[in-house]
Each structure stands twice: as C-alpha cells, then as structure tokens.
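Let me begin by presenting the structure, written as structure tokens, before commenting on it.
Quick note: the coordinates plus some simple rules give every number you see, no bench work behind them. Since the model is a prediction, treat every value here as computed from it, not as a measurement. Because the Cβ atoms are built from the backbone with ideal geometry, glycine has one as well, and the counts that use them run over all protein chains shown.
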Amino acid sequence: MSGAASAHEGMAPVSKEGEAATLTAGVAAADERGIAAYRRFCENAVFPPPQSPDWLAAWASHHNDVLVVTLHVDEAPALALPLVVERSGVFRMARFVGGTHANGNFPALSLAYGADSRQVTGALVAALRQQRPDIDILALERQRTTFRGHANPLAALPHATSPNVSLAVDLTGGLEQVLRGSSGKRRRKKHRSQVRKLEVAGGYRRYAARTVEEVDLLLDAFFRMKHHRFAKMGISDVFDDPAVQASFRILFMNALQLSPPPFVLHALEVGGVVRAVTGSSQTEDTLICEFSTFAEDELAHASPGDFLFYENIAAAAEDGFAVYDFSVGDEAYKRIWCDLETHHADVIAGLSSRGHVVAAVLRTWSRAKRFIKTSPVLMQIVRRLRRRGQS
C-alpha cells in the first residue's frame with residue numbers, strides 16, 4: 001500500500017457531558033494491520049454495508065492509497081472512516097472506499113458515540129491536512145443523514161443534497177400489503193404473464209450464488225450485460241475498470257464464508273441462460289440492491305429484470321426483511337414499487353488552498369445536477385443527447 005503508511009495524532013478538546021474531553025484523530029494505511037484494527041473497531045460499532053470491514057478489505061486489495069481515519073474520545077474509540085485517495089486531473093480527492101459504487105454511506109460509529117460533530121470533523125480534517133497534505137478535496141457523497149439512531153457527524157462539513165434520490169419498499173406488512181390496490185393487481189397479472197412466457201422459453205429459476213464458480217459466472221454475465229446497456233444508453237461503464245471487477249469478485253466470494261452472507265448475487269436463468277443479475281447487500285432488516293442488469297436478447301420482451309425484482313422483493317418479504325432498498329437512482333421501474341424516499345447528502349470540502357476553490361465549483365455543479373435530475377423535461381433532453389452521441 002502506498003500513501004498513509006504511518007499514523008498521525010491530532011488533539012482537540014471537546015465538550016462531553018459538561019466536561020472537557022480529549023479528541024485524538026489518526027490517519028493510517030488500510031494495509032493488513034490497518035484492516036484488522038478496523039475490523040476490531042466494528043465489532044462494537046454501527047456501520048452500513050459500504051463501510052463494513054469486508055467491503056474495505058475487498059477494495060483495498062486492488063486499489064492503492066486506501067486509508068482509515070480514526071477518532072478517539074478520551075482514548076476510547078469513537079469513529080472510523082475508511083477512504084480511498086484518487087487523482088482527478090491535477091487534484092487528489094479522498095472519497096468513500098468504492099467511489100461511485102458506494103451508496104448510503106455513513107462513518108462507522110462506536111455504539112457509545114456521543115461527541116460534538118463540529119469538533120469531531122475539525123479533528124478529522126486537521127489530521128488529514130497534517131498527515132496527507134497532498135489531498136486537495138474531501139468528497140464524501142451519497143451519505144445517510146442518520147443511521148441506527150445516530151445523526152451523521154460528517155454533516156457538520158459543507159454539504160448539499162445529493163442529485164440522486166434513494167428509493168425503497170416498506171415490507172413490514174408483507175408482500176400482500178405491498179401489492180394491495182390497482183397497481184398491485186397489474187403487477188400480479190404481469191408477473192403471471194411473465195411466468196408463462198418464461199416457461200415457454202425453456203423454464204426458469206431464480207437462485208443465489210452459493211459457490212465461487214457461481215459468483216464468477218454471475219459477475220461475468222453482469223459485467224457483460226451491463227457494458228452493453230451502458231453503451232446503448234451512451235453512458236460510461238463504471239464497472240469496466242479491472243480493479244473494480246476484481247474487488248467485487250473478492251467481496252462476493254468472501255461473503256460465501258459468512259452466514260448469513262452480507263453480500264449476495266441473485267440470478268434469473270431462463271432456458272439455461274442467465275438473463276438478469278442483481279448484487280445486493282444485507283443488513284439486519286434491509287435487503288439493498290447495489291447493482292442490477294438484464295440481457296437485451298430474444299427474451300427482453302418478457303422483462304427479465306422486472307421479473308427478478310419481483311421475485312427478490314417477494315423473497316425478502318418472506319425472509320422477514322422490513323425494507324427492500326433499490327438504492328440510489330430515480331427510475332420508473334423503481335417508482336412502481338417504492339413508497340419510501342431518502343435524500344442523501346454530499347460533503348465536498350477543500351483541504352488545501354486550491355482544493356477550497358475546486359470544492360466550491362463542485363458544490364455548484366452538484367446543485368446544478370440535482371436541478372437537472374429533478375426536472376423530467378431536462379432529463380429527457382439529456383437522455384436524447386446521450387443517444388445522439390452514440391449514433
């Protein structure tokens with residue numbers, strides 16, 4: 001690992017129950033020792049899937065300059081923040097590990113966390129500036145504002161509402177409750193029609209990857225189908241990087257060793273061919289779709305992607321999940337199901353003098369993107385221009 005090979009301790013007083021407490025912030029490389037320390041911290045902490053030790057280990061294995069910023073209050077571990085440092089032009093940005101693939105982010109917090117957010121972020125930023133003066137910008141996007149009853153302390157940094165909304169389905173009443181009403185009747189009817197089409201096409205099965213070979217098979221199919229979809233839409237393929245693909249392979253393969261697996265791949269196979277794939281993370285009460293795609297072949301008319309979502313949601317309800325989360329992105333196929341809407345926060349803060357200038361520009365651009373994405377007319381124009389760019 002290159003980058004933060006040693007630790008730096010920055011200290012600051014913080015108010016804690018009326019008494020002065022001491023904050024110490026440190027920066028260390030996410031090498032074998034750093035990941036082991038982070039894993040120990042998470043044993044008594046709350047964290048979402050993209051900040052889990054397994055996610056960190058998978059991405060750190062194929063990405064350089066991955067680090068962990070830690071915070072202690074009166075020598076007790078309080079917060080840990082895994083980051084990856086990436087170059088963007090002539091600037092260096094510290095982001096959540098996984099970059100654009102990390103959604104619903106939140107720093108890992110001790111179960112006993114109760115520090116002052118402004119002084120916490122001040123200590124974290126000071127440690128980064130001293131130990132990593134080469135980092136210009138702290139770009140922490142798509143963050144939850146609350147998680148497991150905790151407010152996000154990083155919201156004390158300059159931030160704005162993320163351009164993309166996150167959509168989810170409330171499953172507390174079971175699938176029957178979800179499908180009540182005229183919309184539910186249409187979905188049931190469509191699902192029965194799809195079943196007939198898939199049976200005629202050679203029969204189908206939905207299954208989860210349970211072996212290393214199945215993980216490889218489903219990820220190969222996903223990367224291939226997703227590349228085709230992105231090309232057709234005129235969008236750059238964010239899964240095309242070999243390091244990204246290798247990280248996901250490690251993530252889902254390592255998850256096979258745990259019960260229940262924190263990350264799982266589901267597939268719809270029709271006539272012996274994989275036609276749709278979803279990659280999900282699992283928390284205590286939520287199944288989160290991290291990515292999905294489907295084949296645009298002779299069975300596209302049967303909507304295999306929609307069919308797999310129906311099956312996944314039905315299975316999640318039966319398994320006792322309270323929420324099925326489609327994650328970030330506002331799409332029509334999600335709106336059909338969803339009754340929960342979450343707006344994430346993007347923190348973009350300058351660390352260096354030139355980083356302050358660029359951060360201000362990026363915050364303005366983020367607000368502009370949100371304005372465009374909340375306008376159906378403007379989004380239609382953007383999609384049309386993308387298609388023209390590929391013609």
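Could you work out how far helix 242-255 tilts from the main Cα principal axis of the chain, as a 0 to 90 degree angle to the nearest 10?
80 degrees
Calculated from DSSP H runs of 4 or more alone, at -39500 (n - 2.57) each and per residue, what is the 222 nm mean residue ellipticity of the chain, nearest 500?
-12000 deg cm²/dmol
For the stretch 26-35, what does the Karplus curve 6.51 cos²θ - 1.76 cosθ + 1.60, with θ = phi - 60°, yield as ³J(HN,Hα) per residue in whole Hz, taken in order and with x for Gly and Pro?
x, 10, 9, 5, 8, 8, 4, 5, x, 5
Show me, for the stretch 260-269, the HN-Hα J-couplings you get by feeding each phi into the Karplus relation (A = 6.51, B = -1.76, C = 1.60, θ = phi - 60°), rounded to Hz, glycine and proline as x.
x, x, x, 9, 9, 9, 10, 9, 10, 10
Kindly rank 142-152, 218-228 from highest to lowest mean number of other beta carbons found within 10 Å of each residue.
Averaged packing, sorted descending, gives the order 218-228, 142-152.
Residue by residue, what Karplus-based ³J(HN,Hα) values in Hz, rounded to whole numbers, does the stretch 329-344 have, using 6.51, -1.76 and 1.60 with θ = phi - 60° and x for Gly and Pro?
Taking θ as phi minus 60°, the curve returns x, 9, 10, 4, 5, 7, 4, 4, 9, 7, 10, 10, 10, 10, 10, 8 Hz for the stretch 329-344.
More than 18 Å apart: what percent of Cα pairs in the stretch 172-242 qualify?
Value for the stretch 172-242 (Cα pairs over 18 Å): 66 percent.
Could you give the length gained on full extension between Tyr333 and Gln177, defined as 0.36 nm per residue of separation minus the Cα-Cα distance, in nm?
54.3 nm
To check my understanding: the extent here is largest minus smallest coordinate of the Cα atoms along each principal axis. What are those three numbers for the chain, in Å, largest first?
The Cα atoms of the chain stretch 69, 46, 40 Å along their principal axes.
Cα-Cα over 25 Å: which of Lys197/Lys226; Lys185/Lys226; Lys189/Lys232; Lys189/Lys226?
Numbers: Lys197/Lys226 23 Å; Lys185/Lys226 30 Å; Lys189/Lys232 30 Å; Lys189/Lys226 28 Å.
Check vs 25 Å cut-off fails for Lys185/Lys226; Lys189/Lys232; Lys189/Lys226.
If you take the beta carbon distance between Ala300 and Val90 as r and set R0 to 30 Å, what does 1/(1 + (r/R0)^6) give as a FRET efficiency, to the nearest 0.05? Don't skip to the answer; put the middle values down first.
Numbers: r = 43 Å, r/R0 = 1.45.
Using R0 = 30 Å, I get an efficiency of 0.10.
Label-point separation (nm) for Arg192 and Val357, each offset 7 Å from Cα along Cα-to-Cβ?
Going from the Arg192 label point to the Val357 one covers 6.6 nm.
Taking H placed 1.01 Å from N in the peptide plane, check which residues at least 5 places from Glu141 or on another chain put their amide H under 5 Å from its amide H.
Amide H neighbours of Glu141, under 5 Å, 5+ apart: Phe96, Val347.
How large is the Rg to Rh ratio of the stretch 172-321 when both quantities use alpha carbon positions and Rh follows Kirkwood? Each step should come with its number before you reach the end.
Numbers: Rg = 15.8 Å, Rh = 16.3 Å.
Across the stretch 172-321, the Cα-based Rg/Rh ratio is 0.97.
Along Cα→Cβ, 7 Å out, is where each label goes; now give me the distance between the ones at Lys232 and Ser117 in nm to one decimal.
4.2 nm
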